[in-house]
Amino acid sequence: MTNDDFDAFSVAAIVLVCVVTLAVGAFGLRLSRTTSDFYVASRLVSPTRNASAISGEYLSAASFLGVAGLIYERGFDSLWFPVGYTSGYVVLLVLVAAPLRRSGAYTIPDFAEMRMQSSAIRRMAALLVVGIGWLYLLPQFQGAGLALRSVTGWPTWVGAAVVVVTVVLGVAAGGMRSITLVQAMQYWLKLCALAIPAFVLLWLWTSQGAPGPLEVAGPDADLSAWYEPLTNFPDDPYPLYSTYSTLLALCLGTMGLPHVLVRFYTNPDGRAARRTTVVVIGLIGLFYLFPPIYGVLGRVYLPPHLAEIPVDQIVLELPKAAFPGLTGQILAAILAGGAFAAFLSTASGLVISIAGVIGQDVLRPALARVTAGDSGVIQSFRLATVVAVVVPFLGSVLTAPLGLARTVNLAFAIAASTFAPLLLLGVWWRRLSVPGAFAGLVVGGGLATTATIVTVVLRPDPGWLATVLAQPAAWCIPAAFVTAVVVSLRTPDRIPVGTAKILARLHTPEGVELQSLR
């Protein structure tokens, strides 16, 4: 079922979300004046607000639309995706949340240089931040295009352009302090936008005589097809490998996502960073209760053998298929607004992290001779914001969608193969050397990036090679860890001077530091 007619309710909801986003961002602009405001919100964000903001930017197009589409397409086996997305924060909480905050860094490259005392590693980390961010932005723009096309029939580039303009205005205006308010608001907007239609759909279906599955799919339908994977998936002949590789990427990739890590630099201290992570786990777990409902009901009202729509549009099309008329239109409008909130919040976080790196490592040195102080930093940050969105926007227009959840998982795989080894070994292993850290980034990043490019651009024929390249985490992550450890053990003379002091700073609670000063 497709809808090429202009849906005024959904368009109004999308416009309202964009206007509210800019209005909240404008309010935050009044608070943003210094470098610290733009990069880390002056490190004054409370755990509850920060957790809402992290959840808002983490729950992207893949979460709002992609997970339901995968469950619709492949059955309950795809429930591993929300499990993996959530469990990544457990790993983050236990291993790196508090040390990252205590590092005092603004960005991941800042942390890499502080820990390894190497400008080469900083440059490599900066390159990876930009690459991962651009790859993650690609499905946000493509998803926005699909969502707007679903309710207007317009070309997909229009939806991407709407997100680009809104995000650039919001991020460039107030930086991290402004976007923190926006993303915290957008989490609750997304949760309500997904939960309210889900409850209405379930209540009407069970209590108000809504059409049953046999009436929709036909009297001879096999109802077990509601939850079993659809047949014929030649592109994934090794599902067990794919499942475990995906889980590994999601569990370790979360700690390597630039837009997630930069959030922990905004907490007042390491204790607040841990509390923030605990709240995040609860908020994300609450959100993921609802996508499976859309995937299952999609099998009822949009039978796969009858419906001819992209699986990523199931959430948006389901209300109109279940309840034609005003009720379905209103529910679809709520979901369209929530979907755009997902695109905007995640894109904002990614652009913040990318712009921070481009501004600090590329534009700021170039502009240093022209403007100095906070004004020069803010100017370079705003210019970097524009640069940060150009490449992924063009990519979203020129490349065919690979699937929201699948594209995001490739970004997770690259993050897990690069920053996860650097962070875990950098925080917990004092024998990590500069050549070891650099070699780990090169091997993990090179392998994962090559696999991603081949998958996205060349799209090899289905088979074991295509599966291994599409799910590279299972072999790229061990390769990166082994390389970093082996090279470090072979170069003990290149361990940074002062490593013991840096590790003590990362692991010493703030209260202990205060007592030691008395």
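The values are calculated or read from the model by the stated rules, or taken from the named source; none is laboratory data. Since the structure is predicted, the reported quantities are computational estimates derived from the model, not experimental observations. Note that we place each Cβ from the backbone using ideal geometry, even for glycine, and neighbour counts take in every protein chain shown.
Any idea which residue in the stretch 73-86 is farthest from ALA413 (Cα to Cα), counting only those that are surrounded by fewer than 18 Cβ atoms within 10 Å (Cβ to Cβ) and under 20 Å from the mean Cα position of the chain (by Cα)?
LEU79
Can you name every residue in the stretch 260-278 that is assigned to a helix (DSSP H, G or I), of a type in the set (Val, Ile, Thr) and surrounded by 19 or more Cβ atoms within 10 Å (Cβ to Cβ)?
VAL260, VAL262, THR276, THR277
Test ALA120 against the criterion of being over 23 Å from VAL20 (Cβ atoms), in a loop (DSSP other than H, G, I, E, B), among the aliphatic types (A, V, I, L, M) and in contact (Cβ under 8 Å) with a residue 40 or more places away in the chain, and give yes or no.
Here the answer is no, as ALA120 does not meet what is asked.
Between residues in the stretch 238-252 that are touching a residue at least 24 places away in the same chain (Cβ under 8 Å) and over 22 Å from TYR58 (Cα atoms) and residues that are polar (S, T, N, Q) and in a helix (DSSP H, G or I), which pairs lie under 6 Å by C-beta distance while being six or more apart or on different chains?
Note: pairs meeting the criteria are TYR238/THR467.
Quick grid of which residues meet (1) in a helix (DSSP H, G or I); (2) of a type in the set (Gly, Ala, Ser); (3) under 30 Å from GLN471 (Cβ atoms); (4) at pLDDT below 80:
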position	(1), (2), (3), (4)
THR180	yes, no, no, no
GLY209	no, yes, no, yes
GLU215	yes, no, no, yes
LEU230	no, no, yes, yes
TYR241	yes, no, yes, no
GLY253	yes, yes, yes, no
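Residues checked against (1) assigned to a helix (DSSP H, G or I); (2) touching a strand residue (DSSP E or B) at 6+ places or on another chain (Cβ under 7 Å); (3) under 19 Å from GLN313 (Cβ atoms); (4) modelled with pLDDT under 85:
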| residue | (1), (2), (3), (4) |
| --- | --- |
| VAL151 | yes, no, yes, yes |
| VAL158 | yes, no, yes, no |
| VAL162 | yes, no, yes, no |
| GLY170 | yes, no, no, yes |
| ARG177 | yes, no, no, yes |
| GLN183 | yes, no, no, no |
| LYS190 | yes, no, yes, no |
| ALA193 | yes, no, yes, no |
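How many of the residues making up the stretch 283-309 are surrounded by fewer than 17 Cβ atoms within 10 Å (Cβ to Cβ) and either under 19 Å from ALA342 (Cβ atoms) or touching a strand residue (DSSP E or B) at 6+ places or on another chain (Cβ under 9 Å) (or both)?
3
Can you tell me how many residues in the stretch 443-467 are farther than 27 Å from LEU398 by Cα and loosely packed, with under 15 Cβ neighbours inside 10 Å?
1
Within the stretch 182-207, which residues are free of Cβ contacts under 8 Å to residues at least 40 places away in the same chain and either farther than 24 Å from VAL279 by Cβ or under 23 Å from the mean Cα position of the chain (by Cα) (or both)?
Answer for the stretch 182-207, where residues must be free of Cβ contacts under 8 Å to residues at least 40 places away in the same chain and either farther than 24 Å from VAL279 by Cβ or under 23 Å from the mean Cα position of the chain (by Cα) (or both): TRP203, THR206, SER207.
So that you can scan it fast, the table gives a plain yes or no per residue for (1) under 25 Å from MET114 (Cα atoms); (2) at pLDDT 85 or above; (3) touching a helix residue (DSSP H, G or I) at 6+ places or on another chain (Cβ under 7 Å); (4) aliphatic (A, V, I, L, M):
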| residue | (1), (2), (3), (4) |
| --- | --- |
| GLY395 | no, yes, yes, no |
| THR407 | no, no, yes, no |
| SER417 | yes, yes, yes, no |
| PRO421 | yes, yes, yes, no |
| LEU424 | yes, yes, yes, yes |
| VAL427 | yes, yes, yes, yes |
| LEU432 | yes, yes, yes, yes |
| PRO435 | yes, yes, yes, no |
| ALA439 | yes, yes, yes, yes |
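Check ALA480, ALA439, ALA500 and return the single one that is in contact (Cβ under 8 Å) with a residue 60 or more places away in the chain and buried (at least 19 other Cβ atoms within 10 Å of the Cβ).
Exactly one residue qualifies, and that residue is ALA480.
If you take the residues in the stretch 259-296 that are of a type outside the set (Ser, Thr, Tyr) and in contact with a Leu (Cβ under 6 Å, 6 or more places away or on another chain), which one is nearest to ASP77 (Cα to Cα)?
In this case the residue turns out to be PHE290.
Working only within the stretch 454-469, note down all residues that are in a helix (DSSP H, G or I) and either within 11 Å of ALA411 (Cα to Cα) or not aliphatic (A, V, I, L, M) (or both).
THR455, TRP464, THR467
Output the residue which, of all residues in the stretch 280-326 that are part of a helix (DSSP H, G or I) and among the small types (Gly, Ala, Ser), is farthest from ALA13 (Cα to Cα).
Out of the qualifying residues, it is GLY282.
Out of the stretch 34-59, which residues are surrounded by 20 or more Cβ atoms within 10 Å (Cβ to Cβ), outside any helix (DSSP H, G or I) and at pLDDT below 85?
Across the stretch 34-59, the qualifying residue is only VAL45.
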